[in-house]
Structures are given as structure tokens and as C-alpha cells.
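**Student:** This is the structure I have questions about; it appears just below.
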Amino acid sequence: MKKQTEPKRYMISFDSHTTAHVFTDVLVIGSGVAGLSAAIQAAKHGSVLIVTKEKIDENNTAYAQGGIAVVLSDKDTTAKHIKDTLDAGQGLSDAATVKTIVSEGPRRVNELIEWGASFDKENNHLVFTQEGGHHFPRVIHARGDSTGKEVELTLIRVVKENKNIKVFDHTFVIDLITKDATCNGAVAWHTKKGNMLIWAKRTILATGGCGQVYRETTNPDVATGDGLAMAYRAGAALQDMEFVQFHPTTLYIAGAVRFLITEAVRGEGGILRNKKGERFMPKYHPQAELAPRDVVSQNILKEMQKTGHTHVYIDVRHIPKERLYARFPKIREICASFGIDIARDLIPVRPSAHYMIGGVKVNRFSRTAIKQLYACGEVACTGMHGANRLGSNSLLEGLVTGYMAGTDASKSIRRSKHELFPYTIQEFAGGSKISWLDLNDIGNSLKSLMWRDAGIERDEKHLLEAEDMIEMWCSYVMDKEFTNPAGWELQNMLLVSRLIVASARKRTESRGVHHRSDYPETDNPRWKRHIIMKRLKS
Ligand code: FAD
Ligand code: SIN
């Protein structure tokens, strides 16, 4: 077995005698749909502190476009939504979790509506779109193609009106504080205030995903997998890390950010065409453009390879212009800024890393294996998505699991009459003296490596190459003590990449979003099970 550079338990040195202390009943890390939902519940019976590393509304949630999959139509049923979700999961979804989240969804979405969220309507009735893998139009949306913004701003309004909730923005959580496999808060850093120890009776991790480990991604800069890495360093179990979902259609213009072209565009009739203008999806899958995402992404890649082109196109020119502009105002605006009129021109697209299906393993109350630590939303692996996530199921999951984590945390504090007892911690993390590191260069090289070797198509040769390169970077980056987020994020991204690659190497089959060209078949007898990663010493 090859020697690996083990990450340090804490990324920085600190001494509790000389560090500022902050106290709260519940600490929520992250301010997307999951963190805000958790905070609102937890604040019913105590003080809550939300810590978030950027401004409060900079997160994956705020960029969500397509909508929320939820059973609110009279013609839809919970059983149908559960079946579609389980079918997509390809044998690895947890049926009880799927049932809980799908059944609880309508209550949570109706609560959002009571709080003022406005979803798109026609003749005073909610309108529903159909997305890939769903056999029923059950996706509600807001502002046409800016659903996440509406959800995020509604939750922020509720949070700001709540006197029990404080928010520290621009505050980077570096590590969870643990003792005897119990979490007691976190160590964090603020540009002006420096380091602080936040002591909490319960901690809720809601730090979202890690799309930034890939060169091509729909995720904003904050998605560097910090929560996954800090949970791993603290000794939590991470499950299903090989299952990274790639979205089939992001705008592909050299030099432009990879702006998502929502699946709803295909739901409304958008057609995928290759360089020669040929429609190709019907020959690959009976649901054509609305096949599950892994199928669409893999076949786009095939067409790109066949035609020797960097991208394919979405064609919506047959949809009436007024309808198109009203339904997708943001996409229209962004494309127009690059000289593309969506009613007249083809939209150049290709796949990008989009969503981390794996994450910190939790039970149905969002509890992790570390006492007093919860995880919810994208950072968690609830078991809902199995090996493939259905579009628009994750805002739903974030809403429901955030609610559950917040509710359980506040209930358990009341039951246990828990008092906060800060203790002495003296950590020394210093090690490597290397000072000539170009963090940007390592970061960019890592993203290119992950895209090339651990992307949509994988095989042993490339995964091994990725493992070796990552280990080389780890050997001089992991041991070094950094003093600002650029270094910590790089350490987190290296660790998360290593876990993705190790899990992908282990799973010698193809299933859901994990496609191995050297093992193209699904191997149920061997692999209808989860892969769990846990550090040896915590
Ligand atoms: P996020 O919303 O990402 O929030 C994570 C928070 O944690 C952020 O505030 C971040 O700043 C904070 N954070 C991270 N690390 C630290 C740290 N070290 N210290 C302090 N704070 C930290 N899903 C759907 O269901 N429907 C859709 O239509 C849809 N569209 C999408 C479109 C795009 C472009 C993207 C990127 C995703 C989309 N998804 C969609 C997926 C969905 O948006 C996310 O899975 C979901 O919003 C995740 O919510 P979250 O609360 O778990 O994390
Ligand atoms: C999209 O709008 O296509 C993204 C939906 C999702 O990721 O759930």
C-alpha cells in the first residue's frame, strides 16, 4: 500500500487561552437552503449563530435555476415521486429516507410559500415542469429560471426577522472542535477579527458541495468542499464520494463562466443537436433529451468525440419567442450578453461538474456519527439520491433535512439540559517550511487533473495517475500551515479530490453517475453497496 500524507487534525495552530471565544446553543455552518432552514427551526428554543464564509447569499442555492420537485399537483402522488427517485438511484437509495423527504416536502414548500416565496403561476395555479428522469411534471419554479434566488431571499428574510439568530458573514470555518468523538463547535477566522473559537451545544454542518475541484463546473467559487474535509479530519464517515453528478448543459463560450442552461429548457421542448445539426438523443434513450442526467452527459460526450467538437447545442428556436423570453429571462439575459439570441441562435453547451451526491453520512434525523454534529443539504449523504440524483430533488432535500437537523438539535438540547463548558485546547499544526508554493497554479492543475482523470468517464489508468499527482501535491501542501482561506481551501480541495478518486478506484463497476470505461457493467452482486471513507485516527 502506498504511503499517504495524512491530513493534520486541525489545519491551524491555536491556543484557547489566547483566542477569542463565542458561545451559542446551535452553530450553523453555511447559509444556503439547508443552513437557513436548520437555523429557523433551531431558533425556536435557543440561540443560533450562522457562520458563512462569503456574503450570506453566495452559495449554490442562490444559483439554482430549474426548481423544486414536490408533490403539489392533484394528479401527482407521493408514491410516483418516490418511485422516480428510487429508480434514478439504481439500487443505492435509502427507501425510508426517500419516503420521509418526499412526504415531508409539500409541508416545507407550503411553509416557504406562507413566508412569502412566490412560485410561478398561470391562472392562479402553480405551474409544473417536467425534468429528466421524472415521469410527471412536478417541478415548481420561480422568476422563470431563478428559483434558488427566490428560496434564498425568502429564508434570509425570515432569518433576519428572528431575534434568536445572529449571522457572522465573511467568516471562514476552518475546523470542527471535537473531543471524545463529540463536537463542541468550531474554530473560525474573520478577516478583521482573526481566529475565534465558537463553542456550541450542537453544530450543524450545511456547507454545500465541492464542484470547484473540477475545471468545468456550474458551482460558484465557495463550493470547495470545506465541510466534507473538516468532517473527515474530525473523524466522521464520508459515503458515496465517487458519485459526482455532471450536468449535461452548461453554456460553453471560451472565457465565459460555465453558466447553467437549466434542464427545464429541455423540459419545455429544447432539442440537443451535434455540430452537424443532427438531433442525437432519441437514438440513445427512449426519454431522449429527458433521459436521466448521466445518460445525457455521457452521450453528449460521445457526440463531441465523434464530431471532434468542443460542445453540442441546445435548440429552442421552435418555441414561441414570447414564451421563451418569459420562461427563461436570466438565460436570455446571459446569452444575450455574449451575442446569442436564444430565440434565433443555437446555444453552445457541454457538461460540467454539478452536484456531490456523496457526503457526510447521516441518519434520518440528519445526525452524523460524531455526537452533537449534524449535517444537512449537499454536504450530507442522506441516502436519498443513491447513485444518481433526479433534477430538482436537492432543494427539496435541503429544505427537509435542514428542517430536521434544526428541529432535532433544539429538541435534544432541551432534553439533555446541556451546559457549555469550554476547555483548554493547544494545537500546533506547523510543519512544512516550503514557502515557494504557487497556490493558484496547484489549484488550477488539480481542477484540470480531476476533469481529465476523474470526470464523466473514468478508468484505472487515469484514476491512478490522478491519485499519484494528488499525493505529490499533498506531500508538500498538507503539512504546511496557512493563514488565510486560499491555503485552507486548497488543502480541503486536495483532500476531497483524494477521497473522490480513491472511492472511484474502488468501485470497479459502472452505476448511476459513476461511469468506468474499463468496467462498463453494473455489478450488483459485488457493488450494490456503499463505499465509506474514514480517517484512521481522529
Ligand atoms: P449551499 O447553498 O451551497 O450553501 C453552502 C453554504 O456554506 C454557503 O453559504 C457557503 O458560503 C458556506 N460555506 C462553505 N464552506 C464554508 C466554510 N469553510 N466556512 C463558512 N461557510 C462555509 N437543485 C435543485 O433542486 N433545483 C435546481 O433547480 C438546482 N439548480 C442548480 C443550479 C446550479 C447552477 C447549481 C450550482 C446547483 C443547482 N441545484 C439545484 C443544486 C442545489 O442548488 C444545491 O444542491 C443546494 O442549493 C445546496 O444547498 P446547501 O444549503 O446544502 O448548500
Ligand atoms: C437545472 O435547473 O437543470 C438544475 C436542476 C438541479 O440540479 O436539480
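**Student:** Can you send over the solvent-accessible area of residue 301, 1.4 Å probe, protein chains only, in Å² to the nearest 10?
**Tutor:** 30 Å²
**Student:** Going 7 Å from the Cα of residue 441 toward and past its Cβ, which residues in region 206-235 have a backbone nitrogen under 20 Å from where you end up?
**Tutor:** 215
**Student:** On to the next question. Can you figure out the FRET efficiency of residue 532 with residue 96, using R₀ = 22 Å and their beta-carbon distance, to the nearest 0.05?
**Tutor:** About 0.75, to the nearest 0.05.
**Student:** For residue 414 and residue 13 in the same chain, what is the full-extension length gain: residue separation times 0.36 nm, less their Cα-Cα distance, in nm?
**Tutor:** 141.0 nm
**Student:** Calculate the FRET efficiency for residue 110 and residue 135 from the Cβ-Cβ distance with a Förster distance of 25 Å, rounded to the nearest 0.05.
**Tutor:** With a Förster radius of 25 Å, E is 0.60.
**Student:** Ignoring ligands, DNA and RNA, what accessible area per residue does the chain give at 1.4 Å, in Å²?
**Tutor:** 39 Å²
**Student:** Grab region 453-537 and count how many Lys pairs have their alpha-carbon atoms under 26 Å apart, sequence gap of 8 or more, or different chains.
**Tutor:** So the count of such lysine pairs works out to 8.
**Student:** What list of ³J(HN,Hα) couplings, whole Hz, do you get for region 61-72 from phi and the Karplus terms 6.51, -1.76, 1.60, once you set θ to phi - 60° and write x for glycine and proline?
**Tutor:** With the stated coefficients, region 61-72 comes to 3, 5, 9, 4, 10, x, x, 10, 7, 7, 7, 10 Hz.
**Student:** Farthest toward the dipole's positive end in region 362-478, which of 451, 416, 464, given Cβ charges of +1 (Lys, Arg) and -1 (Asp, Glu) about the Cα centre?
**Tutor:** Looking along the dipole axis, the top candidate is 416.
**Student:** May I ask you to list the residues of region 59-100 whose amide nitrogen lies under 12 Å from a point 7 Å from Cα along the Cα→beta-carbon direction of residue 125?
**Tutor:** Residues 73-76 qualify, since their backbone N sits under 12 Å from the label point.
**Student:** Quick one: putting +1 on the C-beta of Lys and Arg, -1 on the C-beta of Asp and Glu, what dipole do you get for the chain around its Cα centre, in Debye to the nearest 20?
**Tutor:** 820 debye
**Student:** Considering only protein heavy atoms and a 1.4 Å probe, what is the carbon-and-sulfur percentage of the accessible area of the chain?
**Tutor:** 52 percent
**Student:** Of the cross-linked pairs 55/163; 44/149; 55/321, which ones have a Cα-Cα span greater than 27 Å in the structure shown?
**Tutor:** 55/321
**Student:** Moving on to the next point. Over the C-alpha atoms of region 1-80, what are the Rg and the largest Cα-to-Cα span, Dmax, in Å?
**Tutor:** Expressed in Å, the Cα Rg and Dmax of region 1-80 come to 19.9, 62.
**Student:** Would you please give the FRET efficiency between residue 524 and residue 459, computed as 1/(1 + (r/R0)^6) with r the Cβ-Cβ distance and R0 = 22 Å, to the nearest 0.05?
**Tutor:** E between residue 524 and residue 459, to the nearest 0.05, is 0.60.
**Student:** Scan the chain and note any complete DSSP helix (H) whose C-alpha atoms cover at least 18 Å along its axis and whose Kyte-Doolittle average is -1.0 or more.
**Tutor:** Helices meeting the criterion: 95-114, 147-160, 293-307, 393-416, 439-453, 460-477, 485-506.
**Student:** Right, something else. What is the Cα coordinate range of region 405-538 on the first, second and third principal axes, sorted by size from largest, in whole angstrom?
**Tutor:** 54, 46, 24
**Student:** Under 16 Å between alpha carbons, and skipping anything fewer than 8 positions from residue 179 in its own chain: which aspartates and glutamates qualify?
**Tutor:** 15, 419, 427
**Student:** List, in order, the whole-Hz ³J(HN,Hα) value for each residue of region 358-370 obtained from phi through the Karplus relation with A = 6.51, B = -1.76, C = 1.60 and θ = phi - 60°; use x for Gly and Pro.
**Tutor:** 3J(HN,Hα) across region 358-370, in whole Hz: x, x, 6, 5, 10, 9, 6, 9, 6, 7, 8, 6, 8.
**Student:** May I ask you to list the aspartates and glutamates whose Cα is less than 12 Å away from that of residue 371, ignoring any residue fewer than eight positions away on the same chain?
**Tutor:** List returned: 180.
**Student:** Along the Cα-to-C-beta direction of residue 6, a point sits 7 Å from the Cα; which residues of region 157-176 have their amide N less than 20 Å from that point?
**Tutor:** Answer for region 157-176: 175-176.
The values are calculated or read from the model by the stated rules, or taken from the named source; none is laboratory data. Given the structure is predicted, the values throughout are model-derived calculations rather than measurements. All Cβ positions, glycine included, derive from the backbone under ideal geometry; neighbour counts span all protein chains shown. All accessible areas refer to the heavy atoms of the entire protein, side chains included, with ligands and DNA or RNA removed. Shrake-Rupley method; radii C 1.70, N 1.55, O 1.52, S 1.80 Å.
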